[in-house]
Structure formats: structure tokens, C-alpha cells
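Structure record follows, encoded as C-alpha cells.
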Amino acid sequence: MEYRVLGRTGLKVSKLCLGTMMFGSWGTSDQGDVTKIIGTALDAGVNFLDTSDNYSGGESEELVGKALADLGARDRVVLATKCHMPMGEDPNSRGNSRRWIFQEVENSLRRLGTDWIDLYQIHRPDLTTDIDETLGALTDLVRAGKIRYFGTSTFPAHLLVEAHWTSQFRARERFVCEQAPYSLLVRGVEGDVLPVCEKLGTGVITWSPLAGGWLSGTYRKDRELPFTIRSFVLPERYDMRLSENQRKLEAVEAFAELAERTGVSLIELSLAFVLQHPAVTSVIIGPRTAEHLDSQLSAAEVSLGADVLDEIDRIVPPGVTLNPHDAGWRHPALEDQARRRR
């Protein structure tokens with residue numbers, strides 16, 4: 001397993017990061033299965049785990065914490081989690097305010113059964129909270145020893161630049177990484193986020209490299225499309241009546257044919273593509289079963305030639321996201337009510 005330095009820190013993380021969104025009621029709640037998956041990943045050289053407070057309402061953090069304790073692995077794992085998403089009906093149990101960040105760090109520490117969090121990430125932008133308040137809270141948590149580093153997830157490039165300069169002017173600790181949506185079907189970050197991260201020396205962790213299952217091999221024209229929890233909760237990303245999703249299916253067919261000609265699986269092609277971008281530090285894989293994990297770990301050994309990368313660009317051009325709903329965050333200024341006269 002190759003290890004890469006996260007941004008300008010001295011922290012070395014495996015180029016594959018074990019994502020745990022499928023641990024809990026959204027996937028599997030079996031502690032034995034979770035511990036086995038984490039143990040297998042560690043044996044393969046993965047030293048980077050990513051979770052979130054809101055995954056299955058905190059259950060994912062609890063399962064991860066118990067697994068690390070059972071494996072005696074906490075000290076050799078770079079453990080990342082997040083806050084921002086709603087964790088209850090209270091309007092202050094969400095967002096990026098100082099009050100909520102302080103409260104939710106303590107909750108995550110308790111659920112994870114640890115004294116510190118290696119990487120604490122702000123899960124989405126919160127335009128109602130000044131970025132200086134967020135950076136100030138995170139800086140204080142670093143100095144208190146609760147967290148070691150902090151980063152962002154699914155932030156647009158202009159907010160990353162604003163945060164960078166705020167850190168400079170206000171003498172705050174800085175965001176060391178951005179967790180961005182990136183795959184063969186979701187390439188929008190190539191036009192701004194990835195170049196900005198390279199310029200600022202910000203590490204990049206990518207999520208959903210299989211595009212929410214579209215690149216797993218189960219979405220093909222010659223078979224019945226699967227119905228999952230995600231397709232129920234996020235119909236705009238899976239409803240085949242939408243032309244954007246029809247284009248995704250056509251692209252998947254072309255990528256599957258390219259993978260076969262290249263002598264790799266579609267999963268390996270998809271992960272290797274993301275891993276080869278020079279701005280990318282680590283790619284999150286999110287298996288629900290041990291079999292899923294095995295099919296993804298092998299991608300760490302795959303390298304794509306220039307001819308394959310050129311063919312990928314012909315199927316989905318650089319900087320293009322086939323379905324805008326896959327981008328992960330939409331600026332409120334683009335909503336209808338923000339663009340109409342009141």
C-alpha cells in the first residue's frame with residue numbers, strides 16, 4: 001500500500017481510505033462483520049478510516065470505535081469523522097457554529113471511544129455561520145488536544161479560498177484537506193476545486209469514486225437496475241426517467257467496455273482513475289461487505305496508461321458532471337426563490 005502526505009501536514013495516509021457510511025442501519029449493523037472488514041483493510045495496509053456523526057444517526061461511529069478497541073488498532077489508525085448534518089430536531093443541533101462544533105466533538109469522542117480525533121471535517125458549507133467562527137472553534141479544539149487536524153467536505157473552490165485567507169488574517173489553524181466528490185461520472189471538481197487545492201497545498205480526499213454504485217458493475221443496460229435505499233432517498237440521482245441518468249448509464253456501458261479491453265474490472269478502472277489525479281491524496285472506498293472490500297483493494301495496484309486516460313476523456317470530458325445532483329452541494333443562490341423578485 002502506498003502512503004501519501006496529507007496536504008502540508010506530516011501525516012501519512014494510505015491512498016485508499018476505508019469509508020464507513022455503510023456501517024449501521026444504512027448497511028450492516030453486525031459488529032462482527034464491521035470488525036472483520038476493518039481488520040481486513042488494516043491487514044492490506046489501509047491506515048485511514050473515515051466516518052461521520054450522522055451516518056446511521058451515530059451508529060457508524062459506535063461500531064467503528066468498538067471495532068478499533070477489539071482490534072487494539074486505535075493508535076495505528078488515522079481516524080476521521082465529521083459534523084454539520086442535522087442530529088435532531090433542535091435547530092442548533094446542526095451546522096458549523098461554535099456551539100454545535102464543541103458539543104458534537106464531545107459526542108463523537110464518546111461514540112468512538114477515543115480521547116482524540118485525528119481529522120475532524122466540516123461536512124458541508126453553512127452560509128449562515130461566518131467562516132471565522134468555524135475556524136476559531138476548530139483552532140481551539142486543536143489547541144485543547146481534542147482534534148489533531150481539520151478539513152472540509154464538498155466545499156466549492158471560492159469558499160476554500162475564503163477560508164484560507166481568513167486563516168491567514170485571523171491567525172487561525174487552516175483546513176488541511178478537502179473531501180470532494182470525484183468519479184468517472186462526476187468530474188466537476190477538476191475545473192476548480194482540485195486546482196485550487198494544489199495551489200494552496202491542501203490535501204484531497206475523494207468520496208463516492210463509484211458514483212453511488214453506478215460504477216460497481218450492477219448498473220448495466222442488459223440487466224434490471226437495482227432498487228436500494230439510496231435510490232429511494234435520492235431519486236434525482238437514480239430515476240431512469242431523467243435524461244441525466246440515462247446519460248450516466250450510457251457512459252457506464254462505455255467504461256465497462258473500456259475496462260474489459262484494458263484487462264481490469266470496472267471497479268478497478270474507476271478507482272485507479274481517481275487515484276491518478278495529481279491533486280488526490282486518498283480515495284474513500286465504502287464497502288458494505290468483506291466481498292465488496294476485496295473487489296476494491298486490488299485497485300491500489302492498477303495504473304492506467306495515457307491511451308486509457310484519453311479514452312476516458314472522450315467518454316466523459318474533463319470537468320463535466322453528467323448529473324448536477326451528484327455534485328453533493330448546491331449553492332442556495334441557485335435555488336428558485338433566491339433568483340426571483342420577492
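Straight-line reach from K221: which lysines have Cα under 26 Å away, leaving out those fewer than 8 places along the same chain? Counting by Cα, and skipping residues close in sequence, K221 has these lysines nearby: K248.
Taking 25 °C and 0.890 mPa s as conditions, the range 141-194 diffuses translationally at an estimated 197 µm²/s according to Stokes-Einstein applied to its Kirkwood radius (Cα pairs). The coefficient of translational diffusion for the chain, derived via Stokes-Einstein from the alpha carbon Kirkwood radius under 25 °C and 0.890 mPa s, stands at 120 µm²/s. Mind checking which lysines have their Cα closer than 22 Å to the Cα of K66? Skip sequence neighbours fewer than 8 apart in that chain. Result set, ordered by chain and number: K36, K82, K146.
Inter-part distance, the range 202-219 to the range 304-322, computed on C-alpha centroids, equals 15 Å. No solvent, one uniform scatterer per C-alpha: report log10 I(q)/I(0) for the range 195-342 via the Debye equation at q = 0.19 1/Å, two decimals. Calculated log10 I(q)/I(0) at the listed q: -1.35. Count neighbours as other Cβ atoms within 10 Å of each site's Cβ, and list the chymotrypsin sites (Phe, Trp or Tyr not before Pro) in the range 240-342 that are DSSP loop with at most 16 such neighbours. Of the chymotrypsin sites (Phe, Trp or Tyr not before Pro), the ones in loops of the range 240-342 whose Cβ has at most 16 other Cβ atoms within 10 Å are W329. The three principal axes of the C-alpha atoms in the range 1-48 carry coordinate ranges of 36, 20, 12 Å, sorted with the longest axis first.
Residues R247, R172, R237 ordered from highest to lowest accessible area at a 1.4 Å probe: R247, R172, R237.
Restricting to Cα atoms and excluding each atom paired with itself, what does the Kirkwood estimate give for the range 119-237 in Å? Please report the intermediate quantities before stating the final value.
On the way: mean 1/r = 0.0623 Å⁻¹.
About 16.1 Å for the range 119-237.
Taking a straight Cα-Cα cut-off under 15 Å and skipping sequence neighbours fewer than 8 places away in the same chain, the aspartates and glutamates within cross-link reach of K12 are E2, D50, D75, D118.
So in the chain, what percent of DSSP beta bridges are antiparallel if you round to the nearest 5? Each step should come with its number before you reach the end.
Details: 4 of 31 bridges.
Of those bridges, close to 15 percent are antiparallel.
Note on Q168 and R98: their simple-model spin labels are 2.5 nm apart, each label 7 Å out from Cα toward Cβ. The mean sequence distance of close C-alpha pairs (under 8 Å, at least 6 residues apart), as a share of the length of the chain, puts its relative contact order at 18 percent.
Can you work out D for the range 248-331 in µm² s⁻¹ from Stokes-Einstein, where Rh is the Kirkwood radius over C-alpha pairs, the temperature is 4 °C and the viscosity is 1.567 mPa s? For the chosen part, D equals 92 µm²/s.
Calculate what fraction, in whole %, of the accessible area of the range 48-127 sits on carbon and sulfur atoms when a 1.4 Å probe is rolled over the protein chains.
Numbers: 1370 of 3020 Å².
Here carbon and sulfur together make up 45 percent of the probe-accessible area.
The phi-based Karplus calculation (6.51 cos²θ - 1.76 cosθ + 1.60; θ = phi - 60°) puts the 3J(HN,Hα) values of the range 83-95 at 9, 1, 5, x, 10, x, 7, 4, x, 9, 8, 5, x Hz, whole numbers, x for Gly and Pro.
For the range 9-116, pairs of C-alpha atoms spaced more than 16 angstrom apart make up 57 percent of the total.
The values are calculated or read from the model by the stated rules, or taken from the named source; none is laboratory data. Just so it is clear, the structure is predicted and the values come from calculations on it, not from any experiment. Don't worry about glycine lacking a Cβ; one is built from the backbone with ideal geometry, like all the others, and counts go over all protein chains shown. Surface areas here come from the heavy atoms of the whole protein model, side chains and all, with no ligands, DNA or RNA. Shrake-Rupley method; radii C 1.70, N 1.55, O 1.52, S 1.80 Å.
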